[in-house]
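The values are calculated or read from the model by the stated rules, or taken from the named source; none is laboratory data. The shown structure was predicted, so the numbers you read here are calculated from the model rather than taken from an experiment. For neighbour counting, all protein chains shown are included, and Cβ atoms are generated from backbone atoms with ideal geometry for every residue, glycine included. Only protein heavy atoms, including side chains, enter the accessible area calculation; ligands, DNA and RNA are left aside. Shrake-Rupley method; radii C 1.70, N 1.55, O 1.52, S 1.80 Å.
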Amino acid sequence: MFEPVSAEGKVVMSESVARIASVLEYDGLGDLLRYWQLVGRGGMPSRADIDPADIPKLLSNVLLIDVQRAPIRFQVRLCGTGIDRLLDRNYTGCFLDDMTVGYFERDILLDYAEVVLHKLPKVTRRSILTERGHWLHYQRLLLPLSSDGWSVDKLLGGVFGEAAAEINSAA
């Protein structure tokens, strides 16, 4: 399930992670995936393994999500400024199930739950209509983090994309 490390100490990609790497459209997402593998040393890294000083060029596009249980909920602990600009709002401190993102809301929550359940990375490409009437096209990578090496208690994410023109509401 997790990536093995070779005798030389290099992370060897599993088939599932290699598949994800092959569909990443943004270099920053590939860099984040490689960093996650490196600090995980063949397993699932913890939040303590993630050092922002190691990934300064990625920080504006990084999310850190707290996973709460019973019931499962996802709270945005940190939302990079690039994501804030893309979404035209700061989501730090918000719970994902409190956000209004249109008809994809359920699918987005299921993406996060799937990473927690399967303990594997997930990449998604979406186009959504924002609260302010703009189309947003983005690709998101979600990576599991675990304090105990088994239960996912945080998610590390990367989001890159672009906003399209405003939708005309005039009839």
Subject >> Virtual spin-label span in nm between Arg19 and Leu129, 7 Å along Cα→Cβ >> reply: 3.3
**OP:** Quick one: check the C-alpha center-to-center distance for segment 75-94 versus segment 98-152, whole angstrom.
**Re:** 13
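How many percent of the accessible area of the chain is carbon or sulfur, using a 1.4 Å probe?
Carbon-and-sulfur percentage of accessible area, whole number: 54.
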Original post:
For segment 80-91, in order, what is each residue's ³J(HN,Hα) by Karplus, 6.51 cos²θ - 1.76 cosθ + 1.60 with θ = phi - 60°, in whole Hz (x at glycine and Pro)?
Top reply: x, 5, x, 6, 3, 5, 4, 8, 6, 5, 9, 9
Subject >> For the chain: accessible area per residue (Å², 1.4 Å) >> reply: 53
